[in-house]
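First up is the structure itself, then whatever we jot down about it.
The values are calculated or read from the model by the stated rules, or taken from the named source; none is laboratory data. Since the model is a prediction, treat every value here as computed from it, not as a measurement. Ideal geometry is used to build each Cβ from the backbone, glycine not excepted, and the neighbour counts take in all protein chains shown.
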Amino acid sequence: MSFMPEILWSDGLIFLLLAAAGTGAWYVRRHEHLLLPWRRLARSATAMVSLLVLSLFLAIGLLDSLHYRAALPQQNSGETVYSPEVLSAFDKLIEPLRTHTEKTYSAPLAITLYAKESTTDTQGNVVRDYPRLQYGGAHLAEASQRGVDVVQRAVIGAAAGLMVGLLIALGSKRCLTRRNLPFRALFIAILIIASLIGLIANLAAAYHVLGTDKVGQDVLYLSLKSIRTGLVIGTVTTLVTLPLALFLGIAAGYLRGWVDDVIQYIYTVLSSIPSVLLIAAAVLMMQVTIDTHPEWFETTASRADLRLVFLCLILGVTSWTGLCRLLRGETLKLREMEYIQAAQSFGVSTLRILTRHIVPNVMHIILIALVMDFSALVLAEAVLSYVGVGVDPSMISFGTMINAARLEMGREPMVWWALAAAFAFMLVLVLAANLFADAVRDAFDPRSNLSE
Amino acid sequence: MIAYLVRRILYAIPILIGVNLLTFTLFFVVNTPDDMARMQLGIKRVSQEAIQNWKQQHGYDKPLLLNRAASGAEKFTDTIFWRKSAGMFVLDFGFSDDGRSISREIVTRMGPSLAIALPTFMIGLLVYVTFALMMTLFRATALDLAGVALCVLLMSISGLFYIIGGQFLVSKLWHLVPISGYSGGADSFRFVVLPIIIGVIGSVGASSRWYRTIFLDEIGRDYVRTARAKGLSELRVLFRHVLKNAMIPILTGVVVVIPLLFLGSLLTESFFGIPGLGSYTIDAINAQDFSVVRAMVFLGSLLYIVGLILTDISYTMVDPRVRLS
């Protein structure tokens, strides 16, 4: 089947960020003194294990960012028509999860729907019973076989995953130990993650591991798709915060005088508005603009995507003030240093002093702040979506999942799986990010203990 | 002191004007009043008359910033910007889209917001500082490590989870308190107790860790060593010396939020059905009532500035070296 690649705005920005990170890594590799804190970071077991988890999420997010539109089967001769549905490489990879939709709610690993329905059996009698699912456990003839089958599949899957994990871990042992990475912690982490993936994958082939939601979509699929939205919000926002905070913070701290006054005024105004309100106000405006210009968007995905990018933009504009204040303070300190004064008296131009002497010396602050912000942004997305100023309702995200599941709290028995899945995935992502951020701070903060 | 306060209050005016200009630009320049009218009326094909009517009703039928048709000072005063902003500086917020006085709503809704926010703040402060002091007391032991790990875990959980989980466990499973609602008077206790507990638990992770860092910064100082050399017990050092000296960084972070307590919490109030300012704001956001959102933004920044001034004043109370001039 032919297809047409579709680069959404957020995809472009994500790959731009990836390229920037790659360039940064290449630059750091060539400078021994810059490598030092990274080496320190690499020795920390928590940092490496959380980085492993994060990169797994990142891999899913990146695969999910390669979008395309499949060609529709030819109806009449002429040019190819592409489906209005935008899919991603990750969708293709887990296609059964996406396409195997049931009628409505079903519990995790269930083989019947959650609610009773009236059906007519072969004799023509109306029977009220839980109907069997179309896909979940469809290979089972009897409902009683389920327990054994689930355990069997789980064990086989976990064992297969464990074997693969063992191969990967042992295969990379030399590479890891040569670079002084904490091998034992990574070894255990790889084994656990691999067997978990094997277990879930094997079960997901025949069941809905985390159940299905109101329209019968697999909750595992929704959770996996939400990862990308969270990552985009957490990373693309930095594309806005970073330049704003860097330029304004350094300019205010170095140039002082009226420049400092103006910049301080701007950030006092921005930070004096409670951030949720400012975000709400900006998002409301964006909504009006998007709603009054439906002609801008070819597909719903592109509309939802543009809204996501705007949300990142708005989050960035409202959250650069903290970093800017830090950078201003640090620059004020740095500009009184002897080496800056020496540069000034040699007649080095202001721009050169800023780029050669100031920026490299505030880099650690930027890195720490950005990593710390990431988890806060992922959490903020859920809250904003609840308030109604988050991502587009058609976009799969942790916030929209929680929002939809929250309304089913009152049902008896409770539909808990979608909520639990969203919270669990979010917890793993945010916890890994928080632990990594702590390790980064310890490794890069010059105040932290260097004598080890 | 008086001169300082006057200067600070005067400095607040340009900031409030800036806030106003910003929200004004967001609301009226990015989208014209016509767009807003169309949104509010909600129909695809709205006649020009209906739009004019709506604009007139809500006072949007004037030029944005400069009225060329008017004469004299009216050139500036007979505009949307002036009409919608000038009143705010004397705390007259005008009317919401459903025709009610925003100022009156704010006054009546302040009570329920405070009934939740104030106890949450006070109990929270007590709990977090105690917890942080405990971790500092047992620093570099397994207990401290466990405490920090707990903090990181707690701060990685979404705030929505605390609310939804708490409601499910306490109200639905154990039937201890009603799920949501509010009533004035002494009866309100059973409505506010759960939101307060959840509010305190919700930020125990981040806050305790923050206080712990502050205390650990202080504990390396010379005066602590001197106090220990005098033979004071570790507990006494912590409570008498470290806690007092850590007041400045603590006040920096704490005092500024006190005035903002009036605004209540968006999430808590909407989940628990508390008729406070937080749920008022959420309703306004969902109904796209721009006058209310603008009023709340203005009120929020006003309270923030009051918080900054209070912070400075509080420094003079805990540190005799600080003089405001």
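Report whether or not B:L65 is over 30 Å from B:A12 (Cβ atoms), modelled with pLDDT under 75 and surrounded by 13 or more Cβ atoms within 10 Å (Cβ to Cβ). In short, no. Restricting attention to segment A:387-398 and to residues that are surrounded by fewer than 24 Cβ atoms within 10 Å (Cβ to Cβ) and at the interface with chain B (Cβ under 10 Å from one of its Cβ atoms), the residue that is farthest from A:L306 (Cα to Cα) turns out to be A:V387. Mind checking whether some residue in segment A:437-446 is within 30 Å of A:G216 (Cα to Cα), assigned to a helix (DSSP H, G or I) and within 12 Å of chain B (Cβ to nearest Cβ)? So far as segment A:437-446 goes, no, none of its residues is within 30 Å of A:G216 (Cα to Cα), assigned to a helix (DSSP H, G or I) and within 12 Å of chain B (Cβ to nearest Cβ). Can you work out which of the residues in segment B:271-292 that are assigned to a loop (DSSP other than H, G, I, E, B) and hydrophobic (A, V, I, L, M, F, W, C) is modelled with the highest pLDDT? My answer is B:I274. For the residues B:Y223, B:Y162, the requirement of being assigned to a helix (DSSP H, G or I), in contact (Cβ under 8 Å) with a residue 12 or more places away in the chain and surrounded by 15 or more Cβ atoms within 10 Å (Cβ to Cβ) singles out B:Y162. Scoring A:T122 on the criteria (1) in a loop (DSSP other than H, G, I, E, B); (2) touching a residue at least 40 places away in the same chain (Cβ under 8 Å) leaves a single failure, condition (2).
Being within 14 Å of chain B (Cβ to nearest Cβ) and farther than 19 Å from A:M395 by Cβ, is that true of even one residue in segment A:333-342? No, the conditions are met nowhere in segment A:333-342. Kindly evaluate A:T292 against the criterion of being surrounded by fewer than 20 Cβ atoms within 10 Å (Cβ to Cβ), among the β-branched types (V, I, T), more than 7 Å from chain B (Cβ to nearest Cβ) and farther than 14 Å from B:T23 by Cβ. So A:T292 does not fit the description; no. Among the residues of segment A:406-432, those identified as more than 8 Å from chain B (Cβ to nearest Cβ) and in contact with a Ser or Thr (Cβ under 6 Å, 6 or more places away or on another chain) are A:A421, A:F425, A:A432.
Counting just the residues of segment B:300-325 that are of a type outside the set (V, I, T) and within 9 Å of another protein chain (Cβ to nearest Cβ), which one comes out surrounded by the fewest Cβ atoms within 10 Å (Cβ to Cβ)? For segment B:300-325, the residue satisfying everything is B:L308. A:A47 - would you say it is at pLDDT 90 or above, of a type in the set (A, V, I, L, M, F, W, C) and loosely packed, with under 13 Cβ neighbours inside 10 Å? No; evaluated as a whole, the condition is false for this residue.
The residue list B:R104, B:R83, B:R109 contains one member that is under 20 Å from B:I274 (Cβ atoms), among the charged types (D, E, K, R) and surrounded by fewer than 15 Cβ atoms within 10 Å (Cβ to Cβ), which is B:R104. Considering segment A:329-361, the residues that are surrounded by 13 or more Cβ atoms within 10 Å (Cβ to Cβ) and not in a helix (DSSP H, G or I) include one that is farthest from the chain's Cα centre (by Cα), namely A:V348. The listed residues are A:T229, A:T238, A:T268, and the only one of them that is among the hydroxyl-bearing types (S, T, Y), without any contact (Cβ under 8 Å) to a residue 24 or more places away in the chain and part of a helix (DSSP H, G or I) turns out to be A:T268. Does at least one position in segment B:259-270 carry a residue that is modelled with pLDDT under 90, over 16 Å from the mean Cα position of the chain (by Cα) and part of a helix (DSSP H, G or I)? No: segment B:259-270 contains no residue that is modelled with pLDDT under 90, over 16 Å from the mean Cα position of the chain (by Cα) and part of a helix (DSSP H, G or I).
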